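The values are calculated or read from the model by the stated rules, or taken from the named source; none is laboratory data. These numbers come from a predicted model, not from an experiment. Backbone-built Cβ (ideal geometry, glycine too); neighbour counts: all protein chains shown.
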Amino acid sequence: MAICVTSGKQLLFKMFLVLMCITQLCFAQTEQRLRFSGYTVSQNTGQNYAPWLSDSLDTLVAAAWTGNDVWVDVTLSLATPGKVTKISLYDYQGVFETQPALIYALKGTTKTLLATFTGPSYMVWGDHFYNIPIDADAVVVHKFGNNIPQKIFVYGYPDTSATPVTTPPPVVTPPAADPDSLVKIPITASRWYQLNNVNSGLDALTDGITDVDVNTGWGKLIANFDAVYPVADGEKITLSKVKFFSYHGGLDKPMTLAIINSQGKRINVGVFKGFSYNTWLGPYPDRATTGDAQFNLDSTINDIKFLVINSNGGYPTEMELYGSYKAPNAIPPMVQRPTKLKQFFGINAFEWNFENGAIDPTKIDSGQIRALKSFTQVRHYMDWEKLETDQGSYTYNPTRNGGWNYDAIYQFCKDNGIEVLADLKQLPGWMVDSYPDSLKDSESVPLKYGKDFADPASYIEQAKTAFQYVARYGSNLQVDSALLSVNGTQRWTGDQVNVIKKGMGLIKYIECDNERDKWWKGRKGFQTAYEYAANLSAFYDGNKNTMGPGVGVKNADPSIKVVMCGLSHADPGYVRGMVDWCKQHRGYHADGSVNLCWDVINYHLYSNDANNSQNGTPTRGMAPEVDPFTAKSAQCFVQMAHEVAGDMPVWVTEVGYDLNQGSPYKAIQIGNKIPLQTQADWILRSSLLYARNGVDRVFFYQMYDDNALNPIQFGSSGLINDNKTRRPAADYLYQTNKLLGEYSFKQTLNADPIVDQYDLNGNPAYVLVVPDEKGRTASYSLDLPGTDSAKVYTLKIGADSMDMQYARVINGKLQVAVTETPVFVIPVTGLMAVGRSFNAFPVNNEALTSPNTVSKNELNTLKLYPNPSVSYVSVSFSSADVSNNINVRILNEQSGKLYKAFTAVKSEKDYSTLVDLSGAAMGVYLIQLKQGNTVSTKRLIKIN
């Protein structure tokens with residue numbers, strides 16, 4: 001018995017040794033990359049995943065939009081099966097918390113979740129570790145649309161005993177177009193647009209979720225309306241089967257699904273009423289058919305150009321369509337066009353911001369000139385009433401209403417390099433008078449009472465005014481003078497009279513009204529996408545020259561660019577609807593492109609914590625990068641323009657923040673930064689964000705406050721003080737334009753901090769900023785190969801120019817301290833000898849003492865750079881004194897011992913010198929500068 005016990009112990013001991021050896025062998029393995037050998041997909045949506053097989057960050061998975069708003073599994077086979085210990089996911093752009101990508105390890109048929117990827121960051125890697133290695137033959141990415149990591153690196157231990165997995169080439173055959181072989185039709189949710197005021201899209205109708213209602217918002221102005229889904233170029237759909245999911249309840253007014261064919265004929269497909277619980281229903285609710293047969297259409301429907309849903313706001317919780325499907329033509333990649341940064345520094349303004357109505361409205365007010373020159377472009381809010389106080393009677397210099405001199409305003413802008421966007425808006429009094437008293441409103445749709453919103457001819461009065469205005473201020477000298485007229489009568493004896501002029505060459509852009517989707521004005525002030533397109537068709541060219549002579553912008557000057565109104569709700573679907581109206585009513589050009597009736601896409605966006613611009617219920621403004629809606633909207637508009645509008649330029653003509661702390665769009669206090677400084681940061685960062693995301697122009701709202709004491713939105717959003725001095729936001733725009741206005745955005749090098757590279761004729765410049773609103777700082781090592789130094793510029797409140805310091809570049813790198821205020825770096829060569837590396841340099845962000853003033857002693861400033869310093873410090877000083885010499889003393893603060901002293905001649909306002917600190921011990925020093933009676937002292941930290 002004893003022998004048996006001993007033998008058992010020996011056996012256990014031997015087993016323990018074997019397990020130890022196995023464990024040691026496992027831990028002796030070195031973690032390594034487990035590479036992919038190929039991929040397969042569950043459904044072809046036209047997206048190419050080959051870049052996942054490459055390590056290069058220059059090769060990314062291109063976004064696919066048409067037919068890609070579906071869930072797809074992409075299986076990436078491992079060249080050698082192994083045990084996964086870590087995956088690294090490259091987060092490029094976009095946040096998608098509601099539809100994240102799920103990353104699985106696949107072993108045989110067993111899937112193990114590795115990560116849930118929501119895209120929380122920007123151009124950074126995120127690591128996921130596993131204490132217990134996970135067996136895998138492949139990695140599966142379960143993703144919706146473009147919600148993906150751009151790179152997936154897998155790490156672990158290869159299983160050398162396993163047979164390598166052989167993956168066929170990543171070629172997927174699209175679903176067959178054979179009606180007898182039915183496939184589920186993929187629906188790109190972003191392609192739907194609704195001809196009504198809505199807060200959200202129809203994404204939920206085809207998201208695969210059956211127990212959540214589809215809600216597109218409340219307070220709709222049009223009770224019964226259409227939602228339209230255009231079939232893309234090259235895409236072919238036939239329908240043989242339709243399924244609607246009834247989760248609960250029913251619809252008193254049913255929803256109808258229809259199609260429109262190539263002949264423009266509308267054909268009903270099916271009806272949804274509901275009144276069944278938690279079940280799928282077919283297209284014929286009044287029939288008693290059950291089982292799968294209930295979903296079949298009586299006959300297959302072909303030649304589909306549009307899917308159309310007509311409803312009163314009620315929908316099934318899910319809709320599935322089956323038939324044959326051919327994927328659309330591949331969309332070529334976008335080509336980035338160089339857009340000068342100066343195009344992002346515009347302002348919204350009125351004629352009284354140029355001329356003083358109380359003194360002389362016919363001349364430019366000299367007191368306004370400095371403020372006006374803060375901006376590179378002006379969106380002129382131009383009331384129709386000013387041009388045409390009486391119907392058919394046009395005035396410009398002076399205007400019959402207000403006596404303004406538009407000739408002088410536009411000539412001043414041209415002479416000073418300020419581009420003008422003329423926004424013809426609001427109804428004149430004579431048109432308002434056509435409405436009943438209860439409906440009189442100058443912000444109504446621009447037509448006489450009783451006319452059809454959908455008929456281009458209804459807008460002839462506005463189109464005639466646009467013709468007259470453009471004939472005068474455009475560049476066409478050949479326009480027929482017989483078509484032009486002005487009111488040539490005097491208002492009083494000696495009054496200047498209007499005279500006919502043409503081709504003055506002062507205006508290049510005209511905007512057709514403002515926010516024509518203004519739902520808050522009720523139906524009288526709201527146009528659907530189709531109705532506004534009809535309005536634009538008249539405004540653009542007299543509805544293809546069918547409305548008689550002297551009608552439409554292009555008939556006065558074909559070179560003028562027509563800008564669509566800025567949309568209050570940043571919805572690309574509205575523009576898609578406008579494009580479709582043009583397809584149906586204006587046709588196509590000879591080259592196959594749609595005959596559109598505008599040249600520039602335009603929308604408005606105020607970044608806030610509701611993440612929905614003007615349609616939500618915000619409590620405050622938000623930094624543009626922190627509000628995900630800001631960048632996402634820009635990307636979606638630019639992508640939409642690429643897909644359906646020939647890469648038409650996209651502008652954002654209203655952006656801004658209020659200073660009144662009761663406003664829902666307020667700029668907030670951040671640390672020791674008062675709201676005035678936060679507004680400045682966020683305004684400039686908005687310009688940089690839109691440049692980064694492919695927008696072509698930005699205009700801020702607005703030049704002056706409407707009423708700073710009123711907490712109403714937009715009441716305190718001015719960038720100029722009442723005394724005509726610049727606020728910090730205007731300082732920042734002016735200084736940035738002065739430094740980099742001619743540069744164009746090239747690429748983003750880093751996400752947090754954001755590092756953008758700009759270019760001018762092959763010469764780079766860099767803009768660095770922390771994309772946050774917490775007072776956060778960061779350090780970044782900027783690669784500057786082949787350069788021994790750089791100019792580092794920091795924004796300066798109350799000045800015309802940024803502060804500039806030289807910084808040493810060591811081994812091709814410059815260490816930069818970055819804050820939430822942008823800092824600018826321009827490489828230079830040959831100015832500084834090679835020496836020891838500088839530490840990161842700080843940006844001085846001292847708080848203002850008053851929200852409307854800057855220090856009167858702002859010129860008397862001493863700047864040290866970098867601080868802390870290793871071996872050299874740049875000392876700069878500005879003052880108006882150019883007669884007295886400068887005396888500089890450097891003392892150890894603790895001992896009082898003088899380290900260095902010298903005298904320098906100062907013959908200009910700005911003085912800068914480089915001081916050698918290599919012989920100074922580590923510690924805190926006082927840098928004292930004396931000129932005349934002015935003494936400035938600052939602390940410097942010397943480190944080794």
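Below, the figures for the structure above:
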| quantity | calculated |
| --- | --- |
| Selected residue [over 26 Å from residue 632 (Cα atoms) and assigned to a helix (DSSP H, G or I)] from 676, 684, 709, 689 | 676 |
| Residue that is nearest to residue 680 (Cα to Cα) [pool: residues in region 341-364 that are buried (at least 19 other Cβ atoms within 10 Å of the Cβ) and among the charged types (D, E, K, R)] | 342 |
| Residue match in region 317-340 (condition: touching a residue at least 60 places away in the same chain (Cβ under 8 Å) and more than 30 Å from residue 201 (Cβ to Cβ)) | yes |
| Extreme residue, surrounded by the most Cβ atoms within 10 Å (Cβ to Cβ), among residues of region 400-415 that are of a type outside the set (Phe, Trp, Tyr) and within 19 Å of residue 503 (Cα to Cα) | 409 |
| Where a residue in region 758-776 is on the phi > 0 side of the Ramachandran plot and its partner, wherever it lies, is in a strand (DSSP E or B) and of a type in the set (Lys, Arg), with Cβ under 9 Å and at least six apart | 775/673 |
| Of the criteria (1) in a loop (DSSP other than H, G, I, E, B); (2) modelled with pLDDT of 95 or more; (3) surrounded by fewer than 17 Cβ atoms within 10 Å (Cβ to Cβ), which one residue 487 fails | (3) |
| Residues that are of a type in the set (A, V, I, L, M) and modelled with pLDDT under 95, drawn from region 328-380 | 330, 331, 334, 335, 358, 359 |
| Those residues of region 751-771 which are out of contact with any strand residue (DSSP E or B) (no Cβ under 6 Å at 6 or more places or on another chain) and surrounded by fewer than 18 Cβ atoms within 10 Å (Cβ to Cβ), in sequence order | 760, 761, 762, 763 |
| Residue match in region 551-571 (condition: surrounded by fewer than 19 Cβ atoms within 10 Å (Cβ to Cβ) and part of a helix (DSSP H, G or I)) | no |
| Residue that is surrounded by the most Cβ atoms within 10 Å (Cβ to Cβ) [pool: residues in region 777-803 that are without any contact (Cβ under 8 Å) to a residue 60 or more places away in the chain and either touching an Asp or Glu at 6+ places or on another chain (Cβ under 6 Å) or over 29 Å from residue 631 (Cα atoms) (or both)] | 790 |
| Residues satisfying the stated conditions in region 116-138, i.e. aliphatic (A, V, I, L, M) and surrounded by fewer than 17 Cβ atoms within 10 Å (Cβ to Cβ) | 124, 132 |
| Residue, farthest from residue 659 (Cα to Cα), within region 595-624, restricted to residues that are polar (S, T, N, Q) and touching a Ser or Thr at 6+ places or on another chain (Cβ under 6 Å) | 602 |
| Some residue of region 572-586 being of a type outside the set (Asp, Glu) and not in a helix (DSSP H, G or I) | yes |
| Residue within region 264-284 that is of a type outside the set (Ser, Thr, Tyr), touching a residue at least 12 places away in the same chain (Cβ under 8 Å) and under 28 Å from residue 522 (Cα atoms) present | no |
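Residue-by-condition table, conditions (1) under 22 Å from residue 553 (Cα atoms); (2) among the β-branched types (Val, Ile, Thr); (3) part of a loop (DSSP other than H, G, I, E, B); (4) at pLDDT below 95:
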position: 421; (1), (2), (3), (4): yes, no, no, no
position: 434; (1), (2), (3), (4): no, no, yes, no
position: 448; (1), (2), (3), (4): yes, no, yes, no
position: 453; (1), (2), (3), (4): yes, no, yes, no
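Quick grid of which residues meet (1) β-branched (Val, Ile, Thr); (2) under 17 Å from residue 259 (Cα atoms); (3) buried (at least 20 other Cβ atoms within 10 Å of the Cβ):
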| site | (1), (2), (3) |
| --- | --- |
| 289 | yes, no, no |
| 299 | no, yes, no |
| 307 | no, yes, yes |
| 322 | no, yes, no |
